Structures are given as structure tokens and as C-alpha cells.
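Here's the structure, in C-alpha cells; my notes come after.
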């Protein structure tokens, strides 16, 4: 009798939490004009998985949806026991991104918080404001231009190796750009001697990338999904213990480097210009005038920036390789511009030259429109009841933004499925002036107070890498390759773009 009663209570709880409550909330959104979809536990995600089997693009649902319903504002679905609201209207998107104090980060970051919990990515309230002031100064162009010589040198070193080892051979463009950008960022943070160091027989960037991948994989294991980051923190499986050991080894290495470089910075004479400036130098310099981050804080921020910037930039550049191969007229225009602006590649590239690469910038921006690093902004959980436009958002509801739908909106982009860099070139008939006036129509780096702080560095790196690469190489994508887009950590090609290189003289 008692067992039957307990089973009945459990069944009622499941029905209420998983079926009745989410379904009733979805009925409210439907009455308000939202598109709603219910499927037990998985919601709309179940539909996306089924449809992807018959397409080559996991984001095709969002693109077709906004094409068929350009006046749609909200898509609502269940997600576990909660209701998720995804915004496809720029006015509502602006309201959310300008008022992020209403939300907290969702549980997606649970396991990853173990390695970057002190970073600006996870900071809230006054702690975030203080970190943001410091990071804004660190990532200002005033300081970033000091890094240009290092980016140029490291890129040229990689391209020189390509000329001696890979001409005429098929290479993995993702691996090429991932290793290059990873090396640049590691040297920025740890200094040029990072190349001489290794961890358990692996280079620092490779070891770090494996650590990030391990924690990402751990976040979707059954124990982590059931018990959260606690299961990983206390090493309940051999896999968890392995990635915890990796994190511990990396953190000890990073802390030793930071302390060593901080001491060298404090002992350096103010007028010494012989030293190669790196990102840690800029951090230390800015801390003197703005405020302090502990060494532990610096490690966590490095982890967050490296994870968020290295892979996304590498994926973007491999996608640029694909589109420029498909549109050789754009490749020629890009190369002509680069050769006209950077007339002598043996000389140091200047920020003024980089700013003159207007068509190069347009190619990058159009690729970011077509294949943004993330198809949606990560879910935020509502901290209290509030309205977004006419929609009441209940406490605990999940709120997100469909970036793909915004980037393919037929009312804002003419022929949105077409790759057209001239949308971003002022003075051209195809220039989209509306984009320059409203930052909430185009969101590859988010917008509002918590937009991506690393955007200037990412764009600087990609312009220099693309410019030097296009000056020195002709490339062709392997015949028969088909671009298939999937969501892994981000929105990216399912298979890396294979290219064959020939040198340019």
C-alpha cells in the first residue's frame, strides 16, 4: 500500500513537472502569438535532431522559420521541466541584452565553471562591473596594437613551415588555424618561451585544448547531468579524475608563469622598449591604474578567453577558405586589396593598414553572418517574473536569442542565403545601412553591456592571419567537399574544410 502511494506521488510529480506545467505555460505563449512546440523533456530539440538527418544544416530550421514567418517574435518550447523562450525580434532582443540583471547563467556552464569560475564570463553585479572596466582597457586598440608584431611574426613562422612541408598536399584548414591561433594566444599570455615548454609530452596549446575538450565532454555525461559539477569536482569516475588532474597540472604551470612574469614586470624599468609586449604585460599595466585581479583570476580569464576565442576564430577562418574558394571573384578582390595596402610584407604591419582592409573586413563580417560562432546566445534563467514586450516571463524560465534567424531575416537582408560581402562595404549599392545603425540586428559577438570583450582582439588576429595567408598562398578546397553545418561546441562545419595550397610569388 505504501509503495503504491509513493509510486502514485512520484507519477503525479513527473506528470506535473514534465507535462502539465510546461504545457500550460506554452498555451499562454501561443495565445500571445508565439510559435510553440512541446515534446517531453527535449522540446524543440527533438524536432531539430530529426530534421537534421534529412538536411546538411542544423540551423536550417531557424533560417526557414524566419523566411516563412518574418513577423514572428518569439518561439517557446519546453526544456526539461522548464519553458524556454527564444527571441527572433530585434526589439525584444535589445530589451533582454540591455537588462541582463534580470537573468543568471544557465546550467550549461556547470562543469566548465570548475576551470573558469573567476573569469569575467561568469562574474555578476559589482564584481562583473569591476572586471569589465579592467578588461575594456586591456582590450582597447591602444593596447592591442602593441600585439600586432607578435601576431605577424607567429603567423609568418607558421606560413614558412607550410611552404616547406605542405605545398601541393591536402591539409586540414581547421587544424592549421587552430594551432596557429592557439600558439598566438598562449604566447600572448605566457611569453615567447612557451614553445620550449611541454606538459606530459604535449605542447602547451595542445594540452590546454585537450583539457577544455575533456571538461566539455564531462558536462554531458549522465552523472554530470544528474548531479551537476559536484560529480566531476569530487572525481566520481576515472575520467573525471583524469581531467581534474590535467586542470591541476595546467593551473600550477600557469600560476608559476604569472608570478614569474609579474616579478619581471615590477622590476622592469619604465622606459625599457626592448621587451616584447604580451597580454600579461598589458594586464599588469592596467591593474596599476584600475584595480587588481589575483593570479587565480588571471588563470581563469585566460581559460575563458582561450576556449571562447581560439576555436571560434579557427572555425571562422576555415569557413572563409570555403566561401572564397566558391567565389573566386571575391578572393581576387580581397587579394588585390591586401597587396595594395600591405605593399611590403617584410615591414611591420600597422594598425592604420589593418583599418584600411575594408573588403577583408567585409568578408569576415559576412562569414560571421552566414555561419556565426554560436547559432543562439546561451540560455539565461529568469531571476524573477518580468515582461519582455507583451510576453510575461516567469521566474525560472529560460531566455535565449536565435542569432541565425536574425542573420537571415528577409526584411533586413536581401537574399539572406547568398554570401555577399558588399553588404558591409560603404558606398556599394548592396551596402546594408540599417546594420550600421542597429547593433541588435547582427550579433556574432552579442551586444549590449555584456557583449564579447575579446571581439577587437579576435578581429585583429583574423585580419592579419587572412591578409598574410592570402598574400602568400593560392588555395583550392578539395574537390567533392560539401559544407555541412552542425552544432557541437558552436555552430560549425561537421567536417573540417580540406584545402590544397600553392605558393604565390
- [ ] Might you check whether a residue that is over 18 Å from the mean Cα position of the chain (by Cα) and either assigned to a loop (DSSP other than H, G, I, E, B) or modelled with pLDDT of 90 or more (or both) occurs anywhere in the range 442-456?
- [x] no
Task: Among the residues listed as 124, 152, 165, the single one being touching a strand residue (DSSP E or B) at 6+ places or on another chain (Cβ under 8 Å) and either more than 18 Å from residue 462 (Cβ to Cβ) or crowded, with 17+ Cβ neighbours inside 10 Å (or both) - done: 124
Task: helices (runs of 4 or more DSSP H) (entirely within the range 196-307) containing at least 3 residues that are modelled with pLDDT of 85 or more and over 16 Å from residue 114 (Cα atoms) - done: 238-267
- [ ] Can you give me the ranges of the strands (runs of 3 or more DSSP E) entirely in the range 332-414 with at least 2 residues that are within 23 Å of residue 95 (Cβ to Cβ) and under 22 Å from the mean Cα position of the chain (by Cα)?
- [x] 376-382, 398-402
Open item on the list: Pairs needed: first member in the range 40-55, on the phi > 0 side of the Ramachandran plot and surrounded by 13 or more Cβ atoms within 10 Å (Cβ to Cβ); second member anywhere, outside any loop (DSSP other than H, G, I, E, B) and at pLDDT 85 or above; C-beta distance under 7 Å; at least 6 residues apart or different chains.
Closed with: 43/37; 43/77; 43/78; 43/84
Open item on the list: Let me confirm something: among 72, 65, 15, which residue is out of contact with any helix residue (DSSP H, G or I) (no Cβ under 6 Å at 6 or more places or on another chain), farther than 26 Å from residue 482 by Cβ, at pLDDT 90 or above and surrounded by 11 or more Cβ atoms within 10 Å (Cβ to Cβ)?
Closed with: 72
- [ ] Take residue 329 and decide whether it is at pLDDT below 80 and surrounded by fewer than 17 Cβ atoms within 10 Å (Cβ to Cβ).
- [x] no
Open item on the list: What are the pairs with Cβ atoms under 7 angstrom where one residue, in the range 307-335, is free of Cβ contacts under 8 Å to residues at least 40 places away in the same chain and on the phi > 0 side of the Ramachandran plot and the other, located anywhere, is surrounded by fewer than 20 Cβ atoms within 10 Å (Cβ to Cβ) and in a helix (DSSP H, G or I)? Sequence gap at least six, or different chains.
Closed with: none
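Can you give me the number of residues within the range 24-37 that are in contact with a helix residue (DSSP H, G or I) (Cβ under 6 Å, 6 or more places away or on another chain) and part of a loop (DSSP other than H, G, I, E, B)?
Of the residues in the range 24-37, the ones in contact with a helix residue (DSSP H, G or I) (Cβ under 6 Å, 6 or more places away or on another chain) are 36-37.
Okay, now just the ones that are also part of a loop (DSSP other than H, G, I, E, B), so none.
Matching residues across the range 24-37 total 0.
Table: residues versus (1) over 24 Å from residue 311 (Cα atoms); (2) surrounded by 15 or more Cβ atoms within 10 Å (Cβ to Cβ).
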| site | (1), (2) |
| --- | --- |
| 200 | no, no |
| 211 | no, yes |
| 215 | no, yes |
| 218 | no, yes |
| 221 | no, yes |
| 231 | yes, yes |
| 235 | yes, no |
Task: Among (1) closer than 21 Å to residue 328 by Cα; (2) within 26 Å of the chain's Cα centre (by Cα); (3) part of a loop (DSSP other than H, G, I, E, B) - the single one residue 479 does not satisfy - done: (2)
Open item on the list: Quick test for you: out of 476, 463, pick the one residue that is modelled with pLDDT of 95 or more and closer than 24 Å to residue 135 by Cα.
Closed with: 463
Task: Entirely in the range 78-188, the strands (runs of 3 or more DSSP E) that have 2 or more residues that are over 30 Å from residue 294 (Cβ atoms) and touching a helix residue (DSSP H, G or I) at 6+ places or on another chain (Cβ under 7 Å) - done: 82-87
Open item on the list: For the range 492-502, check the following and say yes or no: at least one residue is farther than 15 Å from residue 321 by Cβ and either in contact (Cβ under 8 Å) with a residue 40 or more places away in the chain or in contact with a strand residue (DSSP E or B) (Cβ under 6 Å, 6 or more places away or on another chain) (or both).
Closed with: yes
Open item on the list: Criterion first (surrounded by 16 or more Cβ atoms within 10 Å (Cβ to Cβ) and part of a loop (DSSP other than H, G, I, E, B)) does residue 422 satisfy it?
Closed with: no
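Per-residue answers, yes or no, for (1) closer than 25 Å to residue 494 by Cα; (2) free of Cβ contacts under 8 Å to residues at least 60 places away in the same chain:
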position: 179; (1), (2): yes, yes
position: 186; (1), (2): no, no
position: 203; (1), (2): no, yes
position: 218; (1), (2): yes, no
position: 221; (1), (2): yes, yes
Task: Matching residues, the range 388-408, being touching a helix residue (DSSP H, G or I) at 6+ places or on another chain (Cβ under 9 Å) and free of Cβ contacts under 8 Å to residues at least 40 places away in the same chain - done: 407
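The values are calculated or read from the model by the stated rules, or taken from the named source; none is laboratory data. Being a predicted model, the structure only gives us computed values, none of them experimental. Positions of Cβ are generated from backbone atoms using ideal geometry, with glycine treated the same way; all protein chains shown enter the neighbour counts.
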